[in-house]
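The values are calculated or read from the model by the stated rules, or taken from the named source; none is laboratory data. Since the structure is predicted, the reported quantities are computational estimates derived from the model, not experimental observations. So basically every Cβ, Gly included, is an ideal-geometry build from the backbone, and we count neighbours across all protein chains shown. Accessible surface is based on the protein model in full, side chains and every heavy atom, while ligands, DNA and RNA are left aside. Shrake-Rupley method; radii C 1.70, N 1.55, O 1.52, S 1.80 Å.
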Amino acid sequence: MRIEYDRDTCIGMFQCVAEWDDFEEDTDAGKAVLADSEERDDGLFVREVPDDAEMDAKFAARACPVDAIAVYDDDGEQLVP
């Protein structure tokens, strides 16, 4: 499973931070940060989700008010949002 986070879409509500510890607040930028992620495109950060964190990653994606976070299964099918 992988998670994709569009930092440009983020509006800094930090709902994802409350749902998963791998999201952190960057109060200077007013955006969340996805730990251990790799920037694939300009502002799009991607990483694999550990098996024990799949539920937390899904909750973080569902909590985002602007759908800046998407979760995909191993076959590339989008699960959330």
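For segment 23-43, the count of residues that are in contact (Cβ under 8 Å) with a residue 40 or more places away in the chain and either surrounded by 15 or more Cβ atoms within 10 Å (Cβ to Cβ) or in a strand (DSSP E or B) (or both) is zero.
Screening the candidates ALA57, ALA18 for the property of being surrounded by 14 or more Cβ atoms within 10 Å (Cβ to Cβ), among the aliphatic types (A, V, I, L, M) and not in a loop (DSSP other than H, G, I, E, B) yields one hit, ALA57. Scanning segment 44-54 for residues that are open to solvent by less than 100 Å² (accessible area, probe 1.4 Å) and over 14 Å from TYR5 (Cα atoms) returns PRO50, ALA53, GLU54.
Scanning segment 60-81 for residues that are part of a helix (DSSP H, G or I) and open to solvent by 90 Å² or more (accessible area, probe 1.4 Å) yields a count of 1.
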